[in-house]
Amino acid sequence: MKERKIKLRRSENGKELFLINEVSRLVNLSQKRIREYEKEGFIKPLREKNTENRLYSSFDISQIRQINLLIHEHGFTLACLRKMMVMGKCWDIFSCPRKNECPAFKLPWLPCYEVRKDEGNLNEGRCSICAIYLIRNVRNEKILNQSPFDD
């Protein structure tokens with residue numbers, strides 16, 4: 001079988017970036033599914049300046065893998081996953097092996113992206129590309145439109 005080469009791209013900080021077709025092969029998902037995760041607000045890839053092509057970091061790829069795992073192995077729907085990310089903690093959602101070392105874990109009553117402003121955290125990426133941060137505005141939506149006690 002002929003092996004395909006991946007063209008090496010780098011971000012401003014020197015990290016590798018991948019096009020959607022390369023990510024699709026790496027995570028074994030269709031490009032349509034990856035774009036759906038973006039539309040739902042779980043990932044926000046960079047864009048190439050001239051072509052507007054999506055560029056994915058290794059952090060984006062790890063988030064895509066975890067989201068796919070939660071959907072296909074744990075049975076979450078996209079809507080349920082979005083709500084879980086609003087209410088849950090990043091170390092639980094993304095199975096962080098170093099959570100005990102993270103300042104966000106020590107201040108669980110605050111969103112991790114708020115803790116990071118003052119204390120930092122273990123996430124190598126920017127908060128602005130994390131699914132927890134990207135969907136933070138869902139917090140304003142009601143989970144249930146009507147209380148069962150309203151009559």
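So here's what we get for this one:
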| item | result |
| --- | --- |
| Residues of the range 45-67 classified as within 16 Å of the chain's Cα centre (by Cα) and either surrounded by fewer than 17 Cβ atoms within 10 Å (Cβ to Cβ) or of a type in the set (A, V, I, L, M) (or both), total | 10 |
| Matching residues in the range 83-93 - criterion: being assigned to a helix (DSSP H, G or I) and at pLDDT below 80 | Met84, Met85, Val86, Met87, Cys90, Trp91, Asp92, Ile93 |
| In the range 21-32, the residues that are of a type in the set (A, V, I, L, M, F, W, C), part of a helix (DSSP H, G or I) and closer than 17 Å to Ile71 by Cα | Val27 |
| Output for the range 94-123, where each listed residue is modelled with pLDDT of 75 or more and under 13 Å from the mean Cα position of the chain (by Cα) | none |
| Members of the range 69-82 found to be surrounded by fewer than 17 Cβ atoms within 10 Å (Cβ to Cβ) and part of a helix (DSSP H, G or I), listed by number | Leu69, Ile71, His72, Leu78, Ala79, Cys80 |
| Condition broken by Arg35, with the remaining ones in (1) surrounded by 13 or more Cβ atoms within 10 Å (Cβ to Cβ); (2) not in a helix (DSSP H, G or I) satisfied | (2) |
| Scope the range 89-107; condition under 20 Å from Ile64 (Cβ atoms) and small (Gly, Ala, Ser); matching residues | Ser95 |
| Some residue of the range 33-44 being touching a Ser or Thr at 6+ places or on another chain (Cβ under 8 Å), free of Cβ contacts under 8 Å to residues at least 40 places away in the same chain and either over 20 Å from Cys96 (Cβ atoms) or hydroxyl-bearing (Ser, Thr, Tyr) (or both) | yes |
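The values are calculated or read from the model by the stated rules, or taken from the named source; none is laboratory data. Since we're looking at a predicted model, the values are computed, not measured. Here the Cβ is made from the backbone with ideal geometry for all residues, glycine too, and neighbour counts use every protein chain on show.
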